[in-house]
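These notes are about the structure you will find just below.
The values are calculated or read from the model by the stated rules, or taken from the named source; none is laboratory data. Keep in mind it's a predicted model, so treat the numbers as computed, not measured. Using ideal geometry, Cβ is built from the backbone for each residue, glycine included, and neighbour counts are taken over all protein chains shown. Heads up: the accessible areas ignore ligands, DNA and RNA and are worked out on the full protein's heavy atoms, side chains in. Shrake-Rupley method; radii C 1.70, N 1.55, O 1.52, S 1.80 Å.
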Amino acid sequence: MTETGANHIPMWLLAELTYACPLQCPYCSNPLQLPASRKKELSTEQWLSVMKQARALGAVQLGFSGGEPLVRQDFQELLEAAVGMGFYCNLITSAVGLTDEKVQAFKQAGLSHIQISFQGSDETTNNTFGASNSFHHKMDMTRSVIRHGIPLGLNFVLHRQNMHQVTAFLELALSLGAEFVELANTQYYAWALHNRDQLMPSREQLAEAEAATNRFKEKHGDKMRVFFVAPDYFHDRPKKCSNGWGTTFLTVTPEGEVLPCQSAKVLPGLTFPSVKDQDLKSIWRESELFNRFRGTDWMQEPCASCPEKEQDLGGCRCQAYLLTGDPYATDPVCSLSPKRHLVDEAIAAASQDQQQHNIDETRPLLFRNPRNAKQFQ
Amino acid sequence: MTASNDSTIDHTIPAAPLMMNGKYRLQWEEAQDCHVLLYPEGLVKLSDSAYEVLSRCQQPVTAADLIAQLQQDYPDAETLARDVQEFLIHALQHHWLITTDQDSAMTESQSQ
Ligand code: SF4
Ligand code: SF4
């Protein structure tokens with residue numbers, strides 16, 4: 001059956017307010033081609049219009065992300081407007097730029113949830129991987145958010161060089177009073193893909209981190225909820241792209257492009273409609289981009305005749321393209337993919353690497369910043 | 001009409017007052033033509049009866065009182081007490097509802 005946008009409601013609006021960020025995480029999912037300036041970012045009025053249009057289409061979850069959304073001077077204004085429209089507002093932040101006064105103002109404005117990311121469980125690791133002196137500030141802001149009673153989740157992005165810190169991080173989160181922690185393994189797109197050889201854990205490391213998480217859960221029970229998000233390279237079936245391409249998520253980039261998933265910009269041969277010249281409803285329902293991979297009609301073999309095709313919709317289009325060169329290919333994470341060996345080779349290379357915890361001086365991590373982005377322009 | 005008493009309440013449901021978890025929000029959604037429960041990772045669509053129960057848990061209420069209230073308002077619903085209890089167990093498992101005991105314990109540990 002051919003799917004159309006009219007069958008689906010974009011429940012989630014992901015508003016990437018800006019690519020500017022005081023941090024430089026080497027696993028960042030922002031594009032490698034970071035814009036040199038912020039001149040083309042949507043204005044306050046344009047964001048207000050985007051939110052209004054998305055709400056009219058049925059969006060009810062709103063994620064303010066980036067880059068660092070707090071870099072936007074109009075954040076408070078956008079938040080207040082979004083709450084007024086009936087959105088459940090989530091702020092996804094590094095906490096850099098947050099102050100106790102702001103937390104209080106966000107609470108009063110009706111912010112529903114804050115997610116603060118940590119790059120390590122101690123000062124050195126956190127500050128090394130974020131390339132910023134932010135550890136103590138993150139802890140202060142975590143306490144502040146809890147004190148002001150805004151529901152909070154902590155997010156710890158795992159990779160080879162900090163994965164041994166899982167228990168320490170969970171202990172830290174518990175001592176700060178967090179109720180919810182996500183241990184999110186790096187997914188290999190954009191900057192993370194570029195740095196994959198230095199970030200990818202071995203199978204053993206991953207198993208140990210998962211076991212440590214389970215030991216922690218057994219010891220502390222329900223006091224803090226912990227989610228361990230395994231990297232899909234280590235599974236034999238892929239994940240649906242964004243809960244199904246064009247079914248649930250609308251991502252709007254800082255400059256107004258509308259994407260079915262955060263990384264879709266890497267796909268070749270597509271045009272990306274912009275809210276600067278088209279309304280959101282026609283983009284969601286009728287654009288070539290959103291209809292391209294809706295449903296299952298676009299599939300090639302082995303997906304086209306696979307009995308499981310409704311379950312994973314052939315996996316992630318960006319991963320398929322980035323690893324095989326063909327955006328229509330079966331996601332190579334799938335064990336039925338003729339290209340699965342590409343994933344296995346990457347895992348094997350990671351396991352052979354002797355220096356699991358150290359930065360290899362001969363292959364330095366490329367940190368995410370406008371200077372390093374120049375080579376990708 | 002028979003008012004419920006504690007002895008008829010499933011033992012897995014705490015006797016202490018229940019209340020909606022502060023992270024969760026109830027809301028009518030026009031586009032989906034139903035009430036939804038919103039939380040940080042997403043949302044669930046609610047049936048009319050699920051909404052009816054949750055909307056009465058915005059303030060602390062014991063399961064026994066809640067069932068008594070509902071029986072008064074819906075005297076013809078025969079399996080009401082059992083249905084509500086099943087739903088409460090589900091809602092507690094998913095942390096949509098918390099017991100107010102837990103909540104006060106949490107406030108204490110947070111204000112240290
Ligand atoms: S991953 Fe790091 S660098 Fe990228 S936007 Fe988030 S905090 Fe900034
Ligand atoms: S072959 Fe395609 S549809 Fe079948 S399980 Fe693999 S990815 Fe999913």
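Nearest 20 debye, what's the magnitude of the dipole of segment A:92-204 about its Cα centre given +1 on Lys and Arg Cβ and -1 on Asp and Glu Cβ? Write out the running numbers ahead of the final one.
Details: 8 positive and 10 negative charges, 41 e Å.
So the dipole magnitude of segment A:92-204 works out to roughly 200 debye.
Residues whose amide H falls under 5 Å from that of A:Leu158, counting only those 5 or more places apart or on a different chain, are A:Ala184, A:Asn185, A:Thr186, with hydrogens built in the peptide plane. Global size of segment A:147-274: 17.3, 51 Å for Rg and Dmax (C-alpha atoms, Rg to one decimal, Dmax whole).
Of all DSSP beta bridges in chain A, what percent run antiparallel (nearest 5)? Display every interim value, and only then the final one.
Values: 3 of 37 bridges.
Within chain A, antiparallel bridges account for around 10 percent of the total.
P(r) tail, segment B:18-105: Cα-Cα pairs separated by more than 21 Å, 30% of all pairs. Here the Gaussian network model covers chain A, with springs between Cα atoms less than 10 Å apart; of A:Arg294, A:Arg147, A:Arg196, A:Arg147 fluctuates the most. Taking θ as phi - 60° and the Karplus parameters 6.51, -1.76 and 1.60, the scalar couplings of segment A:222-236 work out to 8, 4, 9, 8, 10, 10, 9, 9, 6, x, 6, 3, 8, 9, 10 Hz in sequence order, x denoting glycine and proline. Positive end of the dipole of the protein assembly as shown (Cβ unit charges, origin at the Cα centre): among B:Gln27, A:Phe216, A:Gly97, the Cα lying farthest that way belongs to A:Gly97.
Using a 1.4 Å probe on the protein heavy atoms, what percent of the accessible area of chain A belongs to carbon and sulfur? On chain A, the fraction of accessible area on carbon and sulfur atoms equals 51 percent.
Sequentially through segment A:281-286, phi angles give Karplus couplings (6.51, -1.76, 1.60; θ = phi - 60°) of 4, 6, 5, 5, 8, 10 Hz, Gly and Pro residues having no value and appearing as x.
State, as an integer percentage, the relative contact order of chain A based on alpha-carbon contacts under 8 Å between residues 6 or more apart.
22 percent
Within 10 Å of the Cβ of each residue in B:30-43, the mean number of Cβ atoms contributed by other protein chains is 5. Near A:Val71, once Lys and Arg are set to +1 and Asp and Glu to -1 for all other residues with Cβ below 12 Å from its Cβ, the sum equals -2. A simple spin-label model places pseudo-atoms 7 Å from Cα toward Cβ; at B:Cys34 and A:Lys281 they are separated by 2.4 nm. For A:Thr99, no residue whose modelled amide H falls within less than 5 Å of its own remains once neighbours fewer than 5 places apart on the same chain are excluded. Rounded to the nearest 20, the size of the Cβ-charge dipole of segment B:18-105 about its Cα centre is 300 debye, with Lys and Arg at +1 and Asp and Glu at -1.
Rounded to the nearest whole Å³, what is the per residue volume of the convex hull around the Cα atoms of the protein assembly as shown?
Values: hull volume 78.9 nm³, N = 489.
Value for the protein assembly as shown: 161 Å³ per residue.
Taking every Cα-Cα distance in segment A:198-257 and sorting them into 10 Å bins from zero, the calculated P(r) comes out as 17, 29, 30, 20, 3 percent.
Across the options A:Gln46, A:Ser121, A:Gly314, the greatest Cα extent toward the positive end of the charge dipole of chain A (unit charges at beta carbon of Lys, Arg, Asp, Glu) belongs to A:Gln46.
The packing ranking, built from the mean of other Cβ atoms within 10 Å per residue, places the peptides A:260-267, B:63-70 in the order A:260-267, B:63-70, highest first.
Could you list, in their original order, any pairs among A:Lys138/A:Lys276; A:Lys102/B:Lys23; A:Lys39/A:Lys102; A:Lys52/A:Lys102; A:Lys107/A:Lys265; A:Lys138/B:Lys23 whose Cα atoms are separated by more than 27 Å?
Details: A:Lys138/A:Lys276 35 Å; A:Lys102/B:Lys23 20 Å; A:Lys39/A:Lys102 25 Å; A:Lys52/A:Lys102 24 Å; A:Lys107/A:Lys265 34 Å; A:Lys138/B:Lys23 21 Å.
Violating the 27 Å Cα-Cα cut-off are A:Lys138/A:Lys276; A:Lys107/A:Lys265.
Per-residue ellipticity at 222 nm computed for chain A from its helices equals -10000 deg cm²/dmol, with DSSP H segments shorter than 4 residues left out and the rest contributing -39,500 (n - 2.57). The calculated FRET efficiency for the pair A:Ala56 and A:Gln311, based on their C-beta separation and a Förster distance of 35 Å, comes to about 0.65.
The packing ranking, built from the mean of other Cβ atoms within 10 Å per residue, places the peptides A:237-249, B:75-87 in the order A:237-249, B:75-87, highest first. For segment A:249-301, the convex hull spanned by the alpha carbon atoms encloses 91 Å³ per residue. Taking the Cα centre of the protein assembly as shown as origin, sum charge times position over the Cβ atoms of Lys and Arg (+1) and Asp and Glu (-1), and report the length of that vector in debye to the nearest 20. Dipole about the Cα centre, nearest 20: 1460 debye.
Rolling a 1.4 Å probe over the heavy atoms of the protein chains gives segment B:18-105 an accessible area of 50 Å² per residue.
Which residue, chosen from A:Ala190, A:Val157, A:Phe169, occupies the Cα position most advanced towards the positive end of the dipole of segment A:141-259, where the dipole is computed from +1 (Lys, Arg) and -1 (Asp, Glu) charges on Cβ about the Cα centre? Of the listed residues, the answer is A:Phe169.
Computed over protein heavy atoms with a 1.4 Å probe, the carbon and sulfur contribution to the accessible area of segment B:4-44 reaches 53%.
Rounded to whole numbers, the Karplus 3J(HN,Hα) couplings from phi for segment A:337-344 are 6, x, 9, 4, 4, 4, 6, 4 Hz, using 6.51 cos²θ - 1.76 cosθ + 1.60 with θ = phi - 60°, and x at Gly and Pro. Measuring r between the beta carbons of A:Leu342 and A:Arg371 and using R0 = 30 Å, the FRET efficiency lands at 0.50.
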